[in-house]
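Contents: one structure, followed by commentary.
The values are calculated or read from the model by the stated rules, or taken from the named source; none is laboratory data. Predicted, not measured: the structure shown is a model, and the values here were computed from it. Glycine also receives a Cβ, built like all others from the backbone with ideal geometry; neighbour counts cover every protein chain displayed.
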Amino acid sequence: MISKRHRGFTLIELMVSLALFSLISLAAYQGVLTLIKGQNRAVTQASIRMVAETVLAEVRRRVGNTIIIDPPEGLLVPTDNLYRGIAGVPTTTTIAGCAQQAVDASNEKFSVVRFTSFEYKVGPETLLGQWSESEIGTPKRLHLTTHPEDNVPQFVFQGPGFTAPELYIIDADKLSLRRYRVAVTGPSSAPLSPYDIVEQVNTDVDPNDGVSKPGNSYTYHQVSLQMPLALNGMAQVPQVHNNITGSFAYPVRTFLLCASPEGKIILKEEVTGEERVLMDPTPFNVNLTKLEFRYYGTPPTAAAPERLEFSRFHLFPFSDLNKVSCINNFMIDMEFTAVTGNAKLEQFREIIPLQTFNTRRPGACL
Amino acid sequence: MTKVLKSQSGMTMLEVSAGLVILGVLATVMNSYLLIQQVGSLKQEKQTQIQDVVMQNVAELHGKGLEAYPDAGSCLTRYYSGKGIFIREETGANGDAACINEVSPNGAEIKVTMRFRQNLSGTMTFEPAAFLKLPSSDNTLFEVEIVGTYNPPSGKTSAPLTLTILKRKKA
């Protein structure tokens, strides 16, 4: 006799067991899938964080070396007075190679910011004589201090071969900070080499008065300067202003920071046209879906104290003229989403402090 | 007579138990892994929110003139929700309990403690020192110590951040 349990399975038993097996398999599959998705997401997020941190470090280094200049320059045209060493480019203005897109009146998807950043050298050179930009029609010579070779690394002009596309001159009496473009050719002498636009000379010409004094020997840097350009390529208008002897000269570079139409974060140097890709999110299977820049100016002390939050930052261009002179913080906001599913993966917001050149004026609007 | 194979004799209680244990272990491992990932993600999120809140306070201090600062010896504490939304602020002295205890007593809140001090110029050193031109006299440097903490109900994932900023008093 064959007992019931030795007769094999009935169809119903098989179907029930198959159904149970399917349910368990499905649950296991979902679990493994969630696990893999979570793992992939974690790896992607870690990669983005790592790369974004290098982008932020570069932006921090460059924008952190920006200073609010006075008097202001034109940003788009030489007379619109919107450029103060940093300014956002209105989304209505097209910048070649940069994506610009507004979401609404108070939000932007892709912003463009232009800023002038100090080079990372230690000490400035000083003017050996009075220098006025009001005479600039063509490039004009400027004479600056120099130092023995063993001290060169500590100062801004590292001997022959140093190139600086632009200079800031800070008046020694702190009445102004102005930007100038370094010219490749001099106004009255033989053309300078593009690699010697800041050159060190040994001469008998006294840099203070420009008079040849045979028997004397002078060593100094000389450089020819022109007025800087607005975004439309027009030169700023010279102002009647003298930089006194002993004023400071710093090499600077003006940059445009933006997203390319392909979604890369790029940094373009305005004068030389050099372009660097700070981040290409493509290999991480993510899209850059936001790159927004904002600024903050502390209200006057007389006004009600304002607690600073991300939401209080303003979109460029400088819309509130009362706050223009006390701009002291810059914010970058980056957002990345997954290529598939369009889920927001990471958001990075960073506040970078800006300095005001005139140390006699507090950061706040007083 | 029909031969009964061993494989047709069904599973013993021991075999069924072993199978269940293995399935249980697998499920536990998988769940633990997912849980660890979620906790890690939450911790990262909270850490980011503390950093964001501290960063906003540092930016505010950077922009303010010293005359808008609380007096030296004061302590300003601000409380934010776990999502970084401002709730309230209190001003007291550096020795107050609210200032010394850097964790919010109200559970899942981010607390930022700012302690204001002065007269520290004699103790500061910087690199490189050549061009910083630090003042040699007292009463020109203002130190603010900022601590950010998050204290969820479990009390297990506090993430304190401490930094000191210096502000020079304008001459």
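On the stretch given as the range A:203-215, residues that are farther than 17 Å from A:T126 by Cα and surrounded by fewer than 11 Cβ atoms within 10 Å (Cβ to Cβ) total 4.
For the range B:58-91, what are the residues that are under 16 Å from the mean Cα position of the chain (by Cα) and closer than 18 Å to B:N151 by Cβ?
If the condition is that a residue be under 16 Å from the mean Cα position of the chain (by Cα) and closer than 18 Å to B:N151 by Cβ, then B:T77, B:R78, B:Y79, B:Y80, B:S81, B:G82, B:K83, B:G84, B:I85, B:F86 are the ones that fit.
Looking only at residues of the range A:297-312 that are at pLDDT below 90 and among the hydroxyl-bearing types (S, T, Y), we find that the one that is surrounded by the most Cβ atoms within 10 Å (Cβ to Cβ) is A:T298.
Where in the range A:35-149 are there strands (runs of 3 or more DSSP E), lying wholly inside it, with at least 2 residues that are of a type in the set (S, T, N, Q) and buried (at least 18 other Cβ atoms within 10 Å of the Cβ)? I'd like the intermediate steps shown before the answer.
Values: elements: A:86-89, A:101-104, A:107-110, A:112-118, A:140-144.
Of the strands (runs of 3 or more DSSP E) lying wholly inside the range A:35-149, those with at least 2 residues that are of a type in the set (S, T, N, Q) and buried (at least 18 other Cβ atoms within 10 Å of the Cβ) span A:112-118.
Name the pairs whose Cβ atoms lie under 6 Å apart, with the first residue in the range A:225-241 and within 19 Å of A:A87 (Cα to Cα), the second surrounded by 15 or more Cβ atoms within 10 Å (Cβ to Cβ) and of a type in the set (D, E, K, R), and 6 or more positions between them or separate chains? So the pair list comes out as A:P228/A:R179; A:P228/A:R181; A:Q236/A:E73. Can you tell me which of B:Q51, B:Q44 is under 13 Å from the mean Cα position of the chain (by Cα) and within 9 Å of chain A (Cβ to nearest Cβ)? Just one listed residue meets the conditions, B:Q44. For the range B:74-91, enumerate the residues that are at pLDDT below 90 and either assigned to a helix (DSSP H, G or I) or farther than 17 Å from B:V103 by Cβ (or both). Of everything in the range B:74-91, just one residue is at pLDDT below 90 and either assigned to a helix (DSSP H, G or I) or farther than 17 Å from B:V103 by Cβ (or both), namely B:K83.
Against the test of being at pLDDT below 90, farther than 22 Å from A:I352 by Cα and either within 13 Å of chain A (Cβ to nearest Cβ) or surrounded by 16 or more Cβ atoms within 10 Å (Cβ to Cβ) (or both), the options B:L66, B:L23 yield a single qualifying residue, B:L23.
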